[in-house]
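J.: Below you will find the structure I want to go over with you.
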Amino acid sequence: AFPMAPLPPPPPLVFPGAPPLQGAGSYGTQSLDPYAPGGLLYQPPAAEPHAAALAAAPNVRFDERSSAAAADDSGYTSDPEPDEFAPADTFAGVRAGYAFKMGALGPGYYLDNRGAAAEAMRKAREEAAAARMATLYPPAPPVPAAKQVDPSVALGKIQKCLANPKKASKSASLMLKLAEAQLNADTAPLFITALGALMLDPALVDATANPGGLRDVTTIGDRGTRTAYAALFAAMVARSEVFAEADREKLETWSLQGGATCELLTDDTYQYAKAMRRVREAIEALPAGETNRTAEAAARRHAILSCLDAAWVKHAMPWAKVEIERCFLKAAEKRLLFTPAAEGAAAAVAVAEEEEDRSQ
């Protein structure tokens, strides 16, 4: 093996009769160089106005020089707005609305419009879905406002049907709905009149047995009717403050005769116990003296006795025996108040018991 000396570089190519390919101008110097890529070597002139900018950004491609550097010969500049790009050599933290990347202007923070585009796309999808749903399922027409019913007219019609066994349940339900909507101090007398038509029957008036002429509503209709009556009277008692004092006493008597008696015929132990407590409280509240001689007091005593008759129907049931015993024991204690003729005897017994307590 013989050592070989390095070959000298070839001379530049010169074409006969052609001017030399070296020269300076405003567009730089060009020359043929066999070692240059493509044989063409470009050297920017020293007087180039953007040579410093190109040298400071060596990563910018040559074909992007006019857009990355400055204005061209026409004076038009393609530089972006200042807030679209912020140069940065390294990542300096997250900036809202910007993305750090290598772009056409080099490394830095570029304005990121992807969030706004995604939001606009989401809104467009929601609007399209809403339009499709509106097409598939058009909105229902508005419900017309309910007509205001005249309570006097409505109660007049209901009053005729309350005592009818075939229409009693529906009539009681309609009256309950009307009471929930329009029962107040002004309409309370109308409701008392309608209930009076249900509870009072002049043909049943008996000075001894039934001085008030109260109707036994447990004989009207079936279990559904009795349930409707019980709900109606319970709602009326719950709103008793809108009634006058005299009407309130009537309502209490009618609720015992028409509501409690219906509840005592049920097999629901809770309802039965609740009704028995009402009867026991009514017995404890029986008036004495002159107050016990009024027609309303007589009607109240008759309603309590009707409740006791209805309660006794369940005396064979083990779950009813305790409540029956409590109520009947309380009635036995007040037995002398159930007849006006025995009122004097009741007063004498009360005096004797008081003297006995004092002596002890």
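J.: Using +1 at the C-beta of Lys and Arg and -1 at the C-beta of Asp and Glu, which of T218, C161, A124 has the Cα lying farthest in the positive direction of the dipole of the range 110-242?
T.: Of the options given, the answer is A124.
J.: When the Karplus curve 6.51 cos²θ - 1.76 cosθ + 1.60 is applied with θ = phi - 60°, which whole-Hz ³J(HN,Hα) does each residue of the range 306-321 get, with x for Gly and Pro?
T.: 5, 5, 5, 4, 5, 5, 5, 4, 9, 5, 7, 7, x, 6, 9, 5
J.: Using only alpha carbon positions, build the gyration tensor of the range 219-304, then give the equivalent ellipsoid semi-axes as the square roots of 5 times its eigenvalues, largest first, whole angstrom.
T.: They are 23, 15, 12 Å, listed from largest to smallest.
J.: For a protection proxy built on the mean count of beta-carbon atoms within 10 angstrom, sort 190-201, 257-268 highest first, please.
T.: The densest-packed peptide leads the list: 257-268, 190-201.
J.: How do K167, K160, K250 stack up against each other in accessible area, from largest to smallest, with a 1.4 angstrom probe?
T.: K160, K167, K250
J.: With charges only on Cβ, +1 for K and R and -1 for D and E, what is the dipole size of the range 201-249 about its Cα centre, in debye, rounded to 20?
T.: 240 debye
J.: Next question, about the same structure. If you place +1 on the Cβ of every Lys and Arg and -1 on the Cβ of every Asp and Glu, how big does the dipole about the Cα centre of the range 126-213 come out, in debye to the nearest 20? Working shown, then result.
T.: On the way: 8 positive and 7 negative charges, 80 e Å.
Dipole of the range 126-213, to the nearest 20 debye: 380 debye.
The values are calculated or read from the model by the stated rules, or taken from the named source; none is laboratory data. Model, not experiment: these values are computed from the prediction. Note that we place each Cβ from the backbone using ideal geometry, even for glycine, and neighbour counts take in every protein chain shown. Only protein heavy atoms, including side chains, enter the accessible area calculation; ligands, DNA and RNA are left aside. Shrake-Rupley method; radii C 1.70, N 1.55, O 1.52, S 1.80 Å.
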